[in-house]
Amino acid sequence: MTTKEYNLAVDEYSDNIFRFALKQLRNEMSAKDIVQETFTKVWIKHEDVVYEKVKSYLFTTAYHAIVDWVKKEKRSGDIETVGERAGQADAEVDLQEVLHEALDRLPEVQKTVVLLRDYEGYNYSEIAEITELSESQVKVYIFRARTALKTYIKRLDLVI
């Protein structure tokens, strides 16, 4: 990939990667860090990356960076999110918040595939390539994630 193609990839995909990371992490600063880290890693290997496959390569790199970030945060504990979650009980019920809460309850791989499919619009084969899963595994995870989301939202409807 040439420098011009790299710059074009930054212009074309940085917003999508930011949105993907933000949906996963729900922290704007961390999402920006993931975007920066993703493009840094791609620049280091830009000579080995074929421009036609850059979108998949970028999202695969971002996915792995997010997984690493989540593991690191679980080990260190994030004090800021504890306060945020404690204050959520007092807030009014908002559909967007309910959906985010339901997504946060999903296992990491289910959350990732459903976000790639439903928010970013990738097809099953692209998701399989990004997450390094088989296409049938992707379909199963998406089905299970959607089922869990429906169950959670229906259960919440009974409470409201």
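Tabulated results
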item: Segment 115-124: number of residues that are more than 15 Å from I17 (Cα to Cα) and in contact with a helix residue (DSSP H, G or I) (Cβ under 6 Å, 6 or more places away or on another chain); result: 1
item: Tally of residues being surrounded by 18 or more Cβ atoms within 10 Å (Cβ to Cβ) and at pLDDT below 90 across segment 115-125; result: 4
item: Check on V98, assigned to a helix (DSSP H, G or I), at pLDDT below 85 and surrounded by 11 or more Cβ atoms within 10 Å (Cβ to Cβ); result: yes
item: Selection within segment 126-160 - surrounded by fewer than 11 Cβ atoms within 10 Å (Cβ to Cβ) and under 15 Å from T60 (Cα atoms); result: E132
item: Any hit, segment 77-93, residues being out of contact with any strand residue (DSSP E or B) (no Cβ under 9 Å at 6 or more places or on another chain), within 30 Å of V140 (Cβ to Cβ) and either in the same structural domain as Y141 (by TED's automatic domain parsing) or at pLDDT 85 or above (or both); result: no
item: Selection count where residues are exposed (fewer than 14 other Cβ atoms within 10 Å of the Cβ) and either farther than 13 Å from E5 by Cα or of a type in the set (A, V, I, L, M, F, W, C) (or both), scope segment 49-68; result: 2
item: Filter pass, D33 being at pLDDT 90 or above, surrounded by 15 or more Cβ atoms within 10 Å (Cβ to Cβ), assigned to a helix (DSSP H, G or I) and among the acidic types (D, E); result: yes
item: Pairs, first over 19 Å from H64 (Cβ atoms) in segment 126-145, second assigned to a loop (DSSP other than H, G, I, E, B) and small (G, A, S), C-beta under 7 Å, six or more apart; result: none
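Conditions (1) in contact with a Leu (Cβ under 9 Å, 6 or more places away or on another chain); (2) small (G, A, S), marked per residue:
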position	(1), (2)
K111	yes, no
Y119	no, no
Y122	yes, no
S125	no, yes
Q137	no, no
L149	yes, no
I153	yes, no
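The values are calculated or read from the model by the stated rules, or taken from the named source; none is laboratory data. The model shown is predicted, which means the values in this text are computed figures rather than measured ones. Glycine gets a Cβ as well: all are built from the backbone with ideal geometry, and neighbour counts include every protein chain shown.
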